[in-house]
Amino acid sequence: MTGDTIAAIATAMSASGIGIIRISGDDSMEIISKVYRSKGGKKQIKEAESHTIHYGFIYDNDTMIDEVLVMIMKGPRSYTGEDTVEIDCHGGVLAMKKVLEAVIHAGARPAEPGEFTKRAFLNGRIDLSQAEAVIDVIQAKNEYALKSSLSQLKGSVLTSIKEIRSSILYHIAYIESALDDPEHISLDGYSEKLAQTVEKEKKKIRCLADSFDEGKMIREGIRTVIVGKPNAGKSSLLNYLVGEEKAIVTDIAGTTRDVLEETIMLQGISLRMMDTAGIRATEDVVEKIGVERARAYAKDADLVLYVVDSSIPLDENDEEILEILRDKKAIILLNKSDLTPVVTKEMLEACTDMPVLAISARQEQGVELLEEQIKSMFFAGELSFNDEVYITNVRHKTALEEAYQSLTMVENSIAMEMPEDFFSIDLMNAYEALGRIVGESVGEDLVNEIFSKFCTGK
């Protein structure tokens with residue numbers, strides 16, 4: 001545990017019903033006793049039982065600051081594992097600042113960003129993956145991101161990593177013991193047994209690493225790009241999905257010149273929706289730049305919505321778009337289905353294996369089909385966070401890839417019939433790489449970098 005006592009405002013710095021000032025450290029009880037007075041003035045709050053709440057007032061010397069409730073949580077049964085006090089005061093910005101100043105005058109120091117959670121990690125209350133999940137919970141943009149972050153906060157990643165590390169550690173210890181005491185511990189036939197274990201653990205690691213792309217989409221939203229020819233109805237679709245007139249819609253071809261980005265929610269799923277310039281051959285310098293951007297955004301997208309005007313025939317521009325979308329996750333939206341069709345759903349299904357949906361963006365028809373299609377494409381109908389672990393952090397994926405490569409080197413050493421001490425070296429590298437995920441093999445600089453991204457009161 002760290003010796004000094006920290007304090008910070010734990011709620012948003014804006015007018016609200018309640019504001020919370022958090023104190024944590026060895027001197028928390030002494031500090032609160034200096035600033036707190038009960039209604040009758042007789043209560044000695046530092047003698048109060050843990051996990052109790054007390055009504056009273058906060059004073060800075062002889063000046064009353066605010067009417068408050070004080071919550072006492074003595075270590076180790078607290079978020080940080082230390083003696084912790086939370087002061088619930090009125091949520092005015094000035095009131096919160098005055099209460100915090102009184103606490104600092106009484107002996108606390110201002111907390112650094114993420115220092116409360118950092119102390120929870122250093123004091124063994126949570127591992128590093130759980131600490132990172134805290135900020136993910138705070139920043140969650142949709143229901144699935146929140147569920148995934150809460151699952152990680154409860155230890156889903158920790159449990160998976162601990163199981164793999166335990167298996168690896170067993171074999172490291174066995175090899176070392178056999179090398180130290182060959183008379184009593186035999187390595188005959190051991191390579192075959194180790195190869196089976198390595199294969200099994202590699203599959204687990206690969207499964208976790210492969211979940212990153214889906215986990216990233218859960219956390220950040222699906223990067224969705226709308227493409228099509230000019231006047232196909234792309235901007236009308238965006239406006240309908242957003243629920244307001246974000247994009248300019250006219251009958252003039254080439255109205256959209258640049259990329260317009262909005263974040264929308266469809267059935268709890270975040271979509272980073274981008275409307276692009278209509279793709280066509282053009283001599284207009286500005287429009288040409290917009291068309292090139294549309295092509296580039298489509299190539300980098302997680303999902304492409306290809307809007308087709310059903311009232312006009314397909315041409316070479318449609319052929320170009322279909323070529324861009326080859327091997328991409330895409331949905332063809334046959335727009336203007338309320339008009340007499342020239343292009344039909346059957347025609348498009350015959351020339352592509354992409355799902356085709358008939359919609360009318362202007363008449364607001366068929367969009368519910370789009371919602372269901374997106375959900376089924378990415379999550380096979382439903383997401384279940386009860387038994388599936390998603391990796392959402394690039395640092396975790398990097399460590400998993402390193403562990404996977406180290407285990408591959410173990411397999412290579414076994415195949416080459418190399419001495420067992422070679423196995424041990426690569427097994428240890430895999431063990432340490434996985435340890436970096438949960439914080440057992442990380443340096444102080446990395447820890448500081450991770451917690452610097454937190455807000456001050458967390």
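Read the figures in this text as sums done on the coordinates, not as results from a lab. This structure is a prediction, so every number in the text was calculated from the model and none was measured. Don't worry about glycine lacking a Cβ; one is built from the backbone with ideal geometry, like all the others, and counts go over all protein chains shown.
Within 10 Å, count the other beta carbons around each residue, average over each peptide in 184-194, 84-94, 416-426, 111-121, and list them highest first.
Working: 184-194: 12.3, 84-94: 20.0, 416-426: 14.8, 111-121: 22.5.
Final packing ranking: 111-121, 84-94, 416-426, 184-194.
Kindly state, as a whole number, the per residue volume in cubic angstrom of the convex hull around the alpha carbon atoms of the stretch 6-125. Spell out each step's value before the answer.
Values: hull volume 10.8 nm³, N = 120.
Taking the convex hull of the Cα positions in the stretch 6-125, it is 90 Å³ per residue.
For the stretch 395-415 and the stretch 315-335, compute the distance between their C-alpha centroids and round to whole Å.
Centre-to-centre distance over Cα atoms comes out at 39 Å.
What list do you get for 80, 352 if you sort them by fewest beta carbons within 10 Å? Mind showing how you got there, number by number?
Values: 80 27, 352 15.
Least crowded to most crowded, the residues run 352, 80.
Would you mind ranking 53, 264 so that the residue whose beta carbon has the fewest other beta carbons within 10 Å leads the list? Mind showing how you got there, number by number?
On the way: 53 11, 264 16.
Lowest count first: 53, 264.
So how many Lys-Lys pairs in the stretch 6-125 land under 16 Å Cα to Cα, not counting same-chain pairs under 8 apart?
Numbers: 34/42; 34/43; 34/46; 34/98; 46/74.
Summing the qualifying lysine pairs gives 5.
Want the number for residue 39 to residue 169: 0.36 nm per residue separation, take away the alpha-carbon distance, what's left?
On the way: separation 130, 0.36 × 130 = 46.80 nm, distance 5.82 nm.
Taking 0.36 nm per residue and subtracting the Cα distance, the gain is 41.0 nm.
If packing is taken as the average number of other Cβ atoms within 10 Å across a peptide's residues, how do 368-375, 328-335 rank, most packed first? Don't skip to the end; give the middle numbers.
Numbers: 368-375: 16.0, 328-335: 22.1.
Order by mean packing, descending: 328-335, 368-375.
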